[in-house]
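K.L.:
Structure in structure tokens, see below.
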Amino acid sequence: MAAAFCCILSCLEHFVVLVLALALLGAYLRGGTREILRLLILGIKQIPGLSGLLGSVLKSESASFLNSTNLAPKVGENAKIVLPKKEKIGYSPDHDELVKYFQKAFLHENGLNPMIYPSLRQMEVEVVSMTCAMLNGDAQAVGFLTSGGTESVIMAVRAYRNRAEQLFPWIKEPEIICPVTQHPVIGKAAHYFGMKVIYVDVGPDFRADVQAMEKAITSNTVMVACSAPQFCHGIVDPVEEVSNMAARHGLPCHVDACFGGFMLPWVEKLGYDVPTWDFRCPGVTSISADVHKYGYTVKGASVIAYRNEDLRKYQIYSFSSWPGGLYGSPSLAGSRPGGNIAAAWAALNSLGEEGYMARAKILMDITDRIKAGIQSIEGIKIMGNPHMTCMAFGSDHPDLDILVVADLMEKKGWVMERQQNPTCLHCSILPHHNASCDALIDDLRESAKLALGNKELSKKGKAGIYGMMAAIPDQTIVEDFIKQFFSDVYKVQK
């Protein structure tokens with residue numbers, strides 16, 4: 001019996017050696033000695049401990065190469081840059097002129113290669129560092145500048161898709177779990193990268209339902225996302241609970257703070273009740289925050305911030321076999337407008353904490369006035385409990401169609417944002433609204449009075465169109481309509 005067993009083992013050993021030899025021969029025929037060495041290195045990397053050792057060697061070599069370039073760090077250089085405490089100019093026409101001056105000064109420079117324009121690289125590093133500090137990240141928090149919130153979210157999704165491919169290669173249909181109120185860019189990113197979004201209904205308070213999100217997790221889930229705030233109603237999701245749940249399942253959690261990233265920190269400091277949503281939540285692994293919204297710079301600047309460098313590396317694209325040289329890119333775009341990087345740096349250094357706090361107070365005062373005015377109008381209510389400078393309001397009366405109110409307001413010259421599920425209107429507060437918020441409430445009160453009980457108006461104008469669209473059970477028809485609409489809009493008009 002023992003002899004037979006030894007014979008079987010010997011046969012298996014010879015079989016394995018034969019298979020290995022055939023594999024090496026095939027590799028040699030495909031790519032010669034280089035291909036054999038590549039396979040051997042791949043095998044060595046799987047040996048416990050050696051992968052970390054190789055990473056340490058790569059870091060050492062990268063540091064040595066960096067020291068040989070014009071990007072070598074200076075002795076005593078700060079590892080973390082924070083926002084200045086005092087404002088230097090403040091948000092004013094002078095601030096806008098300063099931002100435009102910096103954009104124009106770097107108009108023809110490109111952030112693609114950090115070694116060609118080291119000043120742009122320094123500005124980007126400082127903008128990211130100041131943003132990470134504002135988001136309560138520690139010295140390990142890092143990130144990149146992007147062209148806007150869409151690219152920032154897309155980069156986060158790509159990073160976590162890449163992470164899953166490396167750590168969990170058996171996942172062939174990666175999924176994202178998020179509330180239905182998550183910005184559609186999450187679906188856009190998933191569409192680009194062959195992923196699937198599992199949208200979960202929110203609670204009656206329009207906040208993410210943590211238990212429902214947890215139930216939606218499967219073996220294919222690669223990331224979880226939530227918002228601070230979600231744009232639809234201006235409400236911050238229970239980020240701490242969502243991120244803790246994600247951490248329990250070993251999943252990264254992205255917070256879309258594109259709209260609120262440069263407002264919520266100051267709203268909280270002003271004393272408003274804001275749920276904890278940033279890097280103070282241990283389970284939060286990345287945050288997107290737009291500088292070109294409440295950071296008061298030109299359009300085309302956003303930060304995608306990661307808790308640490310290991311996570312950020314999954315975002316970077318590299319290609320080592322191009323005849324044009326070694327290629328690496330940290331963003332979706334290759335060319336990166338230098339003017340936008342410089343303008344973002346100027347904006348943060350111009351305003352500082354003092355300037356951002358002052359602007360936040362002005363905007364929250366306007367927001368409070370508008371909220372109070374809306375709440376005083378018969379038949380209209382605010383949706384949920386908004387946390388910052390945007391909100392949604394809908395009908396609080398069975399005989400008042402809020403879409404009719406929107407039509408009537410547009411006849412008065414206002415531009416209204418219509419929303420669905422449930423039907424409501426959206427309002428974002430910007431500095432120039434200070435002069436018009438009282439007129440907004442007066443016209444809204446008059447429009448609501450005219451709409452109340454007037455059901456015939458629901459069949460006319462945009463109210464009728466939106467009502468018809470909402471009644472169509474097949475959403476693909478509505479989506480085809482949207483595509484046709486955009487196709488028609490972007491045609492040359494005679």
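The values are calculated or read from the model by the stated rules, or taken from the named source; none is laboratory data. Remember, it's a predicted structure, so these values are computed and weren't measured experimentally. All Cβ positions, glycine included, derive from the backbone under ideal geometry; neighbour counts span all protein chains shown. Note: accessible area is taken over every heavy atom of the protein model, side chains too, but ligands, DNA and RNA are not part of it. Shrake-Rupley method; radii C 1.70, N 1.55, O 1.52, S 1.80 Å.
K.L.:
Among Thr367, Thr476, what's the order by accessible area (1.4 angstrom probe), most exposed first? Before the final figure, lay out each step's value.
P.N.:
Values: Thr367 0, Thr476 75 Å².
Reading off the accessible areas and sorting them downward yields Thr476, Thr367.
K.L.:
Rounded to the nearest Å, what's the spacing between the alpha carbon centres of the stretch 292-352 and the stretch 106-144? Just the number, please.
P.N.:
7 Å
K.L.:
What is the percent carbon and sulfur in the accessible area of the stretch 288-403, measuring with a 1.4 Å probe over the protein chains and ignoring ligands?
P.N.:
54 percent
K.L.:
Something else about it: Rank these residues by their accessible area, most exposed first, probe 1.4 Å: Trp266, Trp322.
P.N.:
The ordering from most to least exposed comes out as Trp322, Trp266.
K.L.:
Which trypsin sites (Lys or Arg not before Pro) in the stretch 271-338 sit in a loop by DSSP (not H, G, I, E or B) and have at most 14 other Cβ atoms within 10 Å of their own Cβ?
P.N.:
Arg280, Lys299
K.L.:
Order Lys411, Lys188, Lys88 by their accessible area, 1.4 angstrom probe, all chains in place, largest first.
P.N.:
Working: Lys411 165, Lys188 90, Lys88 145 Å².
The ordering from most to least exposed comes out as Lys411, Lys88, Lys188.
K.L.:
With the other protein chains left in place, how much accessible area per residue, in square angstrom, belongs to the stretch 171-220 at a 1.4 angstrom probe?
P.N.:
Normalised by residue count, the accessible surface of the stretch 171-220 is 54 Å².
K.L.:
In the stretch 249-397, with Lys and Arg counted as +1 and Asp and Glu as -1 at Cβ, which of these residues, Trp322, Val267, Ile377, has the Cα nearest the positive end of the dipole, that is, farthest along it?
P.N.:
After comparing all options, I get Trp322.
K.L.:
Still on this structure, I have one more. Quick one: which of 238-251, 166-179 comes out on top by average Cβ neighbours within 10 Å, and what's the full order, highest first?
P.N.:
So the peptides 238-251, 166-179, ranked by packing, come out 238-251, 166-179.
K.L.:
Next up: List the aspartates and glutamates whose Cα lies under 20 Å from the Cα of Lys86, skipping any in the same chain that are fewer than 8 positions away.
P.N.:
Partners within reach: Asp94, Asp96, Glu97, Glu126, Glu268, Glu353, Glu354.
K.L.:
State which entries of Lys188/Lys412; Lys215/Lys361; Lys371/Lys483; Lys80/Lys293; Lys215/Lys462; Lys313/Lys483 exceed 29 angstrom in Cα-Cα distance in the structure shown. Numbers along the way, then the final one.
P.N.:
Numbers: Lys188/Lys412 35 Å; Lys215/Lys361 40 Å; Lys371/Lys483 35 Å; Lys80/Lys293 24 Å; Lys215/Lys462 38 Å; Lys313/Lys483 35 Å.
Exceeds cut-off: Lys188/Lys412; Lys215/Lys361; Lys371/Lys483; Lys215/Lys462; Lys313/Lys483.
K.L.:
Oh, and also: Once the whole set of protein chains is in place, how much accessible area is left on Glu214, using a 1.4 Å probe, in Å² to the nearest 10?
P.N.:
Accessible area, nearest 10 Å²: 60 Å².
K.L.:
For the stretch 241-280 and the stretch 178-209, write down the distance between their C-alpha centroids in whole Å.
P.N.:
17 Å
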